[in-house]
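The values are calculated or read from the model by the stated rules, or taken from the named source; none is laboratory data. Just so you know, these numbers come straight off a predicted model, no measurement behind them. Don't worry about glycine lacking a Cβ; one is built from the backbone with ideal geometry, like all the others, and counts go over all protein chains shown. Side chains are part of the model used for accessible areas, which takes the heavy atoms of the whole protein and leaves out ligands, DNA and RNA. Shrake-Rupley method; radii C 1.70, N 1.55, O 1.52, S 1.80 Å.
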Amino acid sequence: MRYNRLDLNLLPALRALLVEKNVTRAGDSLHVTQSAMSGILARLREFFNDPLIVPVGRRMELTPLAESLVGRVNDLLVQVDSTLASRPEFIPETSHRHFSVVASDYTVVVLLTEVLRQLNTEAPGVTVEIRQPSDFTGADLEAGELDFHISPVGLLLEDHPSEVLFEDTFHAVVARDNKEVGDALTIEQYLAQGHVAFQQNGLPLFERWFAKTHGTRRREVTVSHFGLLPHLVASTNRVATLHTRLAVRACEQQEVRMVRLDFDVPRFVNLLQWHRYRDMDPGSIWLREKIIACARAMPLLPLV
């Protein structure tokens, strides 16, 4: 199909070329041969009367025109995808829609487990893919390849809608038989401990705040899943810092106990974000309302 002399089938290829800045990688992303992608680039260059991608030293860069097209082409394709995916209504009992959600294992444990339990009954044909956060999460949401991102505010995109889900605080967790640590830790005592800490794709909220506020990073053992922290504290004299909701669960399931942090720590606020073009999509509305409702029904934070 042509519109103003442009074959609209070339738009996905144009987006891939603008993102990858490389014919081979763009072809791989679309499962198109290098020679075919080179032909597509030639047709796009002819239409725009611009080279689009040019060599600069040893790398390829976008021309000013191509740079100006990146956001507009992506927005256009996301709008098309959203329009085609939309239906006049969403019937959860009979739907076979697939959703993708990026969330940490902490969020899966304290919130999404209940959401998925309800979906199993109310929407048995709906499938959900839960992905770990990565450096590409923002780009995936922007490109329309992700339905929802659950994260603290500092990691969300500014141009897309979001909703606060729940708040949390932080507690230390130590082995139940740890005699060196009492019911609370001052900042001096805290710094003196050996620590197990979370790290994945850079430092998480608490770690960034602690390094900025106290000018130091507490490190001994690092892992990439929050749920592993209590395992690596049990039967040792190490300390782990956990979200309070996760710490409560850990104490119920492991040989660990909670310890109050006797110094100021930030509150943790988790938000749900989705693409602005899916704001009125019935399926997206249904699932995000389900997630928000489950968040509102979460128990109050314990006074520990």
Output the qualifying pairs, or none if there are none: Cβ atoms under 8 angstrom, residues six or more apart or on different chains, first residue in the range 285-304 and under 11 Å from VAL115 (Cβ atoms) and among the charged types (D, E, K, R), second residue open to solvent by less than 60 Å² (accessible area, probe 1.4 Å) and outside any loop (DSSP other than H, G, I, E, B).
ARG288/PHE148; ARG288/LEU272; LYS290/VAL115; LYS290/GLN118; LYS290/LEU119
Among the residues of the range 243-253, is there at least one that is farther than 18 Å from PRO152 by Cβ, assigned to a loop (DSSP other than H, G, I, E, B) and of a type in the set (Asp, Glu)?
no
Members of the range 161-207 found to be without any contact (Cβ under 8 Å) to a residue 40 or more places away in the chain, open to solvent by 50 Å² or more (accessible area, probe 1.4 Å) and within 31 Å of the chain's Cα centre (by Cα), listed by number:
LEU191, GLN199
Residues being touching a strand residue (DSSP E or B) at 6+ places or on another chain (Cβ under 7 Å) and either over 30 Å from LYS212 (Cα atoms) or buried (at least 20 other Cβ atoms within 10 Å of the Cβ) (or both) - total across the range 262-304
10
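So that you can scan it fast, the table gives a plain yes or no per residue for (1) part of a helix (DSSP H, G or I); (2) under 30 Å from SER82 (Cα atoms); (3) hydroxyl-bearing (Ser, Thr, Tyr):
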position: TRP209; (1), (2), (3): yes, no, no
position: LEU232; (1), (2), (3): yes, no, no
position: SER235; (1), (2), (3): no, no, yes
position: ALA240; (1), (2), (3): no, no, no
position: LEU271; (1), (2), (3): no, yes, no
Residue count, the range 138-157, condition under 11 Å from the mean Cα position of the chain (by Cα), under 11 Å from TRP274 (Cα atoms) and of a type in the set (Gly, Ala, Ser), comes to 1
Give THR213, THR241, THR236, THR222 a once-over and let me know the one that is touching a residue at least 12 places away in the same chain (Cβ under 8 Å) and more than 25 Å from SER134 (Cβ to Cβ).
THR236
What number goes with the only condition from (1) modelled with pLDDT under 90; (2) open to solvent by 50 Å² or more (accessible area, probe 1.4 Å); (3) not in a helix (DSSP H, G or I) that GLN79 does not pass?
(3)
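Being of a type in the set (A, V, I, L, M), open to solvent by less than 30 Å² (accessible area, probe 1.4 Å), in a helix (DSSP H, G or I) and touching a Ser or Thr at 6+ places or on another chain (Cβ under 9 Å) is the filter here; which residues of the range 126-160 pass it?
Listed by number, the list is empty, since nothing qualifies.
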Filter result for the condition that a residue is surrounded by fewer than 16 Cβ atoms within 10 Å (Cβ to Cβ), within 30 Å of GLN200 (Cα to Cα) and among the basic types (Lys, Arg), over ARG45, ARG72, ARG117, ARG58:
ARG117
